[in-house]
Amino acid sequence: MASVVFLQRELEDRLGAMLLTACAAKHGHRAEIVVDPLRHVRRVVAAKPDFIAMTVLSPSLPWARRVAAHFKRLLPGVRIVFGGPHPTFLPECIAFPEIDIICIGEGERPLVRMLERYDGTLESIRDTPGLWVKTPGGVIKNPRFALLTADELSELPFADRRHYAGHPVLRRSPHWRTWTSRGCPYKCTFCFEPLYTEMNKGQGPVVRQRTVASAVAELKHMKELGAKYIDIVDDQFLLARKWTLEFCEAYREHVGLPLVVNTLANHLDEERVRALKHAGVHSICFGIESGVERIRMETYRKPVKDETIFSVAELLRRHGIDFLTFNILGLPEESLEDMYATVRINQQIGTTYPWCSIFQPYPGSPLGERYGMGAGEQFSYSYFQESVLGDGPRRALVANAHKLFAHAVKANLSFDAFARLARHTSPLRKLYTGLFYWHYGDGLRRRYGHSWPGLAKHWVYANARA
Ligand code: B12
Ligand code: SF4
């Protein structure tokens with residue numbers, strides 16, 4: 001029996017860690033999750049872990065390295081293993097001295113195999129599929145296991161939520177995440193999915209759905225544990241019509257909690273929207289990304305036409321379903337007029353929740369390759385902060401436009417007003433951040449039942465550690 005402790009910084013339920021700890025425990029190993037580990041050092045040390053594990057997104061690499069170095073000092077002999085999108089797409093990060101092992105892609109099989117074989121030496125796990133292992137003789141780069149099949153995904157244990165039950169903020173969060181599928185068949189250039197599909201070519205289907213029965217059984221379990229609002233994180237919830245219709249029927253009968261899902265707008269039609277409404281779907285999220293059709297379809301390669309966006313918005317309004325649109329500002333070639341076009345299309349369709357991020361060239365995405373960020377150390381911690389591209393004035397313009405985005409949509413600002421405010425350079429522009437958080441928080445309240453005091457606690461915590 002080996003032991004592993006997953007560390008995380010965010011006050012969010014993390015599916016990767018919850019699933020992997022459940023798999024480890026199912027195979028007889030000790031596994032736990034510690035949130036905010038630098039404040040709970042004693043808990044980590046007391047667990048006497050063989051492995052300290054983290055899911056690493058590109059912006060959290062500096063934090064993950066700092067924490068890894070800290071625990072390596074406190075726990076000589078502990079092995080540090082990183083998984084998740086950053087090591088998957090930039091495995092060279094294993095060169096950092098704090099990292100012993102990285103996992104590329106799905107982690108269930110590699111983790112269990114690693115825990116089973118470990119005898120205290122890196123030699124014992126050097127040939128584990130899916131892992132790169134740093135041995136005294138150099139880094140061993142193993143081939144990967146095949147992707148889990150749809151049947152295997154359906155047999156995975158439920159994400160283990162007990163780890164969060166003792167955490168004061170997470171315990172009270174009304175909003176819980178789950179999943180029903182993996183993979184996405186589209187090829188948007190700001191996203192990692194095209195490369196993920198490419199690197200798994202020949203390994204069986206990349207897009208896989210759990211059975212309706214397994215997905216609904218987990219949702220029922222979540223409801224029994226106290227979930228109030230459900231967020232399904234799948235990139236594409238509406239891929240297969242028959243699956244969706246069966247799911248909606250079963251969800252309504254056995255769960256019925258307010259639900260939020262993501263989809264490409266093209267998958268929304270009368271039959272599916274009616275079924276989703278019947279099931280209790282509260283909001284649907286889809287990407288617009290840019291109001292300029294050419295940028296959306298050619299630069300971002302998101303295959304959604306303007307006419308689809310208009311017709312889908314009308315359909316959702318008719319059925320009384322709220323909708324959130326994903327939008328991006330700050331692509332280097334984007335003018336202020338282009339940015340306003342994204343505001344404008346959202347005004348025209350009456351978006352309930354106009355969500356917007358600042359473009360970041362993450363590793364693994366085609367645009368990330370174009371605007372390359374090397375070891376990824378320079379990312380801002382959040383895509384709500386600032387652009388990492390362009391000179392100072394350009395970054396300030398993009399940050400202003402981004403902070404004003406939701407307000408410009410909701411208040412129907414004209415181009416002139418939007419441009420005047422976006423070009424503003426006095427310290428007063430700091431007030432825009434308040435506007436941004438007001439709209440963002442209001443969306444979280446309405447979609448997921450959060451309270452303002454709960455959100456304030458969350459943000460104070462996040463900013464104190466940013
Ligand atoms: C839900 C979600 C969130 C949630 C929860 C985060 C989480 N990862 O659990 C929240 C809201 C907190 C979140 C926040 C952010 N997110 Co997010 N998020 C997602 C989303 C939609 C689903 C993640 C998920 O739960 N997947 C299901 C689980 C099971 O998969 P997984 O976490 O990848 O884990 C599997 C493997 O990666 C591996 N694995 C993972 N960890 C480990 C560890 C070990 C030891 C091992 C062996 C294996 C292993 O095994 C797991 C099971 O197979 C993804 C998109 C996607 N399709 O993945 C984006 C995504 C991960 N997010 C992304 C980003 C950019 C962010 C933010 C940085 C955005 C921001 N605000 O700026 C923040 C993070 C803050 C920060 N600075 O780090 C990017 C990451 C890109 C990158 N190169 O890092 C993604 C890929 C979206 C995208 N397409 O660009 N996110
Ligand atoms: S942005 Fe969405 S639709 Fe496009 S490839 Fe990524 S997950 Fe798929």
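The values are calculated or read from the model by the stated rules, or taken from the named source; none is laboratory data. Remember, predicted model here, so these are calculated numbers, not experimental data. Note: ideal-geometry Cβ built from the backbone for every residue, glycine included; neighbour counts use all protein chains shown.
One table, with the values for the structure above:
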{"item": "Some residue of the range 254-277 being within 17 Å of Thr180 (Cα to Cα) and acidic (Asp, Glu)", "result": "no"}
{"item": "Positions within the range 209-231 being surrounded by fewer than 19 Cβ atoms within 10 Å (Cβ to Cβ) and closer than 19 Å to Phe145 by Cβ, in sequence order", "result": "none"}
{"item": "Filtered residues of the range 333-376 (kept if out of contact with any helix residue (DSSP H, G or I) (no Cβ under 6 Å at 6 or more places or on another chain), away from ligand 1 (no atom under 12 Å from the Cβ), of a type in the set (A, V, I, L, M, F, W, C) and over 18 Å from Asn400 (Cβ atoms))", "result": "Ile345, Ala375"}
{"item": "Unique residue being in contact with an Asp or Glu (Cβ under 8 Å, 6 or more places away or on another chain) and either aliphatic (A, V, I, L, M) or within 16 Å of ligand 1 (Cβ to nearest atom) (or both) when the list is Ala250, Ala240, Ala279", "result": "Ala279"}
{"item": "Hey, Gly364 buried (at least 16 other Cβ atoms within 10 Å of the Cβ) and either touching a Cys at 6+ places or on another chain (Cβ under 8 Å) or assigned to a helix (DSSP H, G or I) (or both) or not", "result": "no"}
{"item": "Qualifying position, being touching a residue at least 12 places away in the same chain (Cβ under 8 Å), touching a helix residue (DSSP H, G or I) at 6+ places or on another chain (Cβ under 6 Å) and among the basic types (Lys, Arg), among Arg252, Arg274", "result": "Arg252"}
{"item": "Residues of the range 92-133 classified as part of a loop (DSSP other than H, G, I, E, B), under 24 Å from the mean Cα position of the chain (by Cα) and of a type in the set (Asp, Glu), total", "result": "1"}
{"item": "The range 364-376: number of residues that are at pLDDT below 75 and under 19 Å from the mean Cα position of the chain (by Cα)", "result": "1"}
{"item": "Neighbours by Cβ (under 8 Å, 6+ apart or cross-chain): first from the range 144-160, under 20 Å from Glu198 (Cα atoms); second part of a helix (DSSP H, G or I) and among the small types (Gly, Ala, Ser)", "result": "none"}
{"item": "Residue selected from the range 41-64 under the condition at pLDDT below 95 and more than 7 Å from ligand 1 (Cβ to nearest atom), by the criterion surrounded by the most Cβ atoms within 10 Å (Cβ to Cβ)", "result": "Leu61"}
{"item": "Enumeration of residues in the range 94-126 that are within 11 Å of ligand 1 (Cβ to nearest atom) and either farther than 15 Å from Ile140 by Cα or at pLDDT below 95 (or both)", "result": "Gly105, Glu106, Gly107, Glu108, Arg109, Leu111, Val112, Arg113, Leu115"}
{"item": "Qualifying residues in the range 134-148 (those that are surrounded by fewer than 13 Cβ atoms within 10 Å (Cβ to Cβ) and in a loop (DSSP other than H, G, I, E, B)) - the one nearest to the chain's Cα centre (by Cα)", "result": "Pro143"}
{"item": "Residue in the range 181-190 that is surrounded by 18 or more Cβ atoms within 10 Å (Cβ to Cβ), within 11 Å of ligand 1 (Cβ to nearest atom), at positive phi and within 21 Å of the chain's Cα centre (by Cα) present", "result": "yes"}
{"item": "Residues of the range 167-205 satisfying the condition of being of a type outside the set (Val, Ile, Thr), within 10 Å of ligand 2 (Cβ to nearest atom) and in a loop (DSSP other than H, G, I, E, B)", "result": "Gly183, Cys184, Pro185, Tyr186, Lys187, Cys188, Phe190, Cys191, Phe192"}
